[in-house]
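Down below is the structure, laid out as structure tokens.
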Amino acid sequence: MEKNRSNELEQLKKQCRETKTRLEKTNKFLRNILESSSAISIISTDLKQNVLYWNSGAENIFGYKSSEIVGKHKIDIIYSGINTAKKANHIRKQIVKTKKGVVCELRQITKNERQLWSKMTLTPSFDDKGNVIGILGIGEDITEHKKSDKELHLTMNRLKKTLEGIIHTTEIIIETRDPYTAGHQRRVANLAQAIARNMGLSDHTIEGLYMVGVIHDLGKISVPAEILSMPRRLTSAEMTLIRTHPQTGYDILKPINFPWPVAEIILQHHERLDGSGYPNRLSGKNIMLEARVIAVADVVEAMASHRPYRSAFTLNRALGEINQNKDILYDAKVVKSCLDLFKNKKYKLEKSMKSQPK
């Protein structure tokens, strides 16, 4: 009996030694992983922000040796400015409250005062009772990535301004040939973007609609100026010539790679739901939504404005036209949005040569 107990005890001791050896190997393996991560900072702190662990990656990124930091400094030594400190403090409180980790970007500073951006994955450390006792942070220097993003943003802004300049120049060329409709395109653009915004369309779509609106009659540059300013109703032959302008505008703009389908919208802005429009007699959903928006804005603005061969109709008559023909010629949702703008005084149609601000 006693011999059996002795054997069991020896067996238990052996198992404990083996378990200890395995744990030591595991810990050594994990330490090697942590220390070999030379491009990733791994930092552990307690809830008072005292640094408990600082790997070689943190040494490489921030310039402080582990011996300079651990047990001697708080983590805020690498915070860049009061805003970072406030943000980090807010995140720390959030982690303690929710007991969940977060991913964030923090502005930080190195020993030699180089500013940098780190993408941090912050997770809570727990005691045996499940209480949060500290925070483990794993970070990556994303300064170059942020710099590239900023440069890309600046480049996009420059391209956007260049595009706006081209659009504006094109608008002036069109209106120089057709002085009686000066400002028409800009007013259509303003109304179209207001309709789109009221419909809840995306900012990208709204921006594109404005750009299309200010040049939607580009194709009229191929129409003789005397026809554009004719002080009488046009003949059938003259009207046929006028109706080529969507196709001409499309042909001019098709080779240009805009961020929006500008050429296609211009091609379709005189199409009607029942197929009675031009140039391709498209109908229903075959007509792009953006073209349906421009169509409604174009009709309302044109009817409510003076033309060489007639005086302006009242706004109520123009709105009556689109209301009477909703779901026949014009998209019902677009018409509803347009009527709502004027009924609830969300928009005022500009009649002067000056356009409304964007």
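The values are calculated or read from the model by the stated rules, or taken from the named source; none is laboratory data. None of the values given here were measured: they were computed from a predicted structure. Virtual Cβ from ideal backbone geometry, glycine too; neighbours counted across all protein chains shown.
Would the stretch 265-281 turn up any residue that is of a type in the set (A, V, I, L, M) and in contact with a His (Cβ under 9 Å, 6 or more places away or on another chain)? Yes, the stretch 265-281 contains at least one residue that is of a type in the set (A, V, I, L, M) and in contact with a His (Cβ under 9 Å, 6 or more places away or on another chain). Based on this model, can you work out whether K348 counts as of a type in the set (K, R) and either closer than 26 Å to I227 by Cβ or touching a strand residue (DSSP E or B) at 6+ places or on another chain (Cβ under 9 Å) (or both)? The answer is no for K348.
If the condition is being part of a helix (DSSP H, G or I), surrounded by fewer than 17 Cβ atoms within 10 Å (Cβ to Cβ) and among the β-branched types (V, I, T), then the stretch 295-316 contributes no residue at all.
Suppose we filter L253, L329, L319 for residues that are in contact (Cβ under 8 Å) with a residue 40 or more places away in the chain and among the hydrophobic types (A, V, I, L, M, F, W, C); which single one remains?
Details: L253 fails: in contact (Cβ under 8 Å) with a residue 40 or more places away in the chain; L319 fails: in contact (Cβ under 8 Å) with a residue 40 or more places away in the chain.
So the residue among L253, L329, L319 that is in contact (Cβ under 8 Å) with a residue 40 or more places away in the chain and among the hydrophobic types (A, V, I, L, M, F, W, C) is L329.
Out of the residues in the stretch 267-292 that are touching a helix residue (DSSP H, G or I) at 6+ places or on another chain (Cβ under 7 Å) and among the hydrophobic types (A, V, I, L, M, F, W, C), state the one that is surrounded by the fewest Cβ atoms within 10 Å (Cβ to Cβ). Looking at the filtered set, the residue picked out is M288.
May I ask you to say which residue of I133, I82, I91 is in contact with a Pro (Cβ under 9 Å, 6 or more places away or on another chain) and farther than 20 Å from A39 by Cα? If you could, list the steps in order and put the result at the bottom.
Working: I82 fails: in contact with a Pro (Cβ under 9 Å, 6 or more places away or on another chain); I91 fails: in contact with a Pro (Cβ under 9 Å, 6 or more places away or on another chain).
Sole residue among the options that is in contact with a Pro (Cβ under 9 Å, 6 or more places away or on another chain) and farther than 20 Å from A39 by Cα: I133.
From the list I167, I135, I75, the one residue that fits, being under 30 Å from P259 (Cα atoms) and buried (at least 17 other Cβ atoms within 10 Å of the Cβ), is I167. As a summary of the residue check, W260 satisfies the conditions (1) out of contact with any Leu (no Cβ under 6 Å at 6 or more places or on another chain); (2) under 20 Å from L228 (Cβ atoms); (3) of a type in the set (A, V, I, L, M, F, W, C); (4) touching a residue at least 24 places away in the same chain (Cβ under 8 Å) except for the one numbered (2).
Can you report the number of residues in the stretch 204-234 which are at pLDDT 85 or above and more than 19 Å from E171 (Cα to Cα)? Don't jump to the end; show me each part of the working.
Residues of the stretch 204-234 at pLDDT 85 or above: 204-220.
With the extra rule that they be more than 19 Å from E171 (Cα to Cα), the set shrinks to 204-205.
Of the residues in the stretch 204-234, 2 are at pLDDT 85 or above and more than 19 Å from E171 (Cα to Cα).
Checked against (1) farther than 20 Å from E144 by Cβ; (2) touching a Lys or Arg at 6+ places or on another chain (Cβ under 8 Å); (3) surrounded by 17 or more Cβ atoms within 10 Å (Cβ to Cβ); (4) among the charged types (D, E, K, R), E59 passes all but condition (1). Kindly list the number of the only condition in (1) under 20 Å from L339 (Cα atoms); (2) in contact (Cβ under 8 Å) with a residue 24 or more places away in the chain; (3) not acidic (D, E) that fails for I167. Going through the list (1) under 20 Å from L339 (Cα atoms); (2) in contact (Cβ under 8 Å) with a residue 24 or more places away in the chain; (3) not acidic (D, E), I167 breaks only (1). Scanning the stretch 62-71 for residues that are more than 15 Å from D141 (Cβ to Cβ) and buried (at least 18 other Cβ atoms within 10 Å of the Cβ) yields a total of 1. Of the residues making up the stretch 40-76, those that are part of a helix (DSSP H, G or I) and under 19 Å from H90 (Cβ atoms) are I75, D76.
Having 2 or more residues that are within 26 Å of M211 (Cβ to Cβ) and within 25 Å of the chain's Cα centre (by Cα) is the bar; report the helices (runs of 4 or more DSSP H) wholly within the stretch 226-278 that clear it. Before the answer, list the steps.
On the way: elements: 236-242, 245-253, 262-268.
Where helices (runs of 4 or more DSSP H) fall fully within the stretch 226-278 and carry at least 2 residues being within 26 Å of M211 (Cβ to Cβ) and within 25 Å of the chain's Cα centre (by Cα), they are 262-268.
Can you pull out every residue in the stretch 50-92 that is aliphatic (A, V, I, L, M), touching a residue at least 40 places away in the same chain (Cβ under 8 Å) and farther than 14 Å from K111 by Cα? L52 - this is the single residue of the stretch 50-92 that is aliphatic (A, V, I, L, M), touching a residue at least 40 places away in the same chain (Cβ under 8 Å) and farther than 14 Å from K111 by Cα.
Considering only residues that are assigned to a loop (DSSP other than H, G, I, E, B) and free of Cβ contacts under 8 Å to residues at least 60 places away in the same chain, which ones fall in the stretch 202-225? Please lay out each step first, then the result.
Pass one, the stretch 202-225, residues assigned to a loop (DSSP other than H, G, I, E, B): 202, 214-217, 223-224.
S202, V214, I215, D217, V223, P224 - these are the residues of the stretch 202-225 that are assigned to a loop (DSSP other than H, G, I, E, B) and free of Cβ contacts under 8 Å to residues at least 60 places away in the same chain.
Restricting E164, E175 to those that are under 22 Å from V293 (Cβ atoms), among the acidic types (D, E) and under 27 Å from the mean Cα position of the chain (by Cα) reduces the list to E164.
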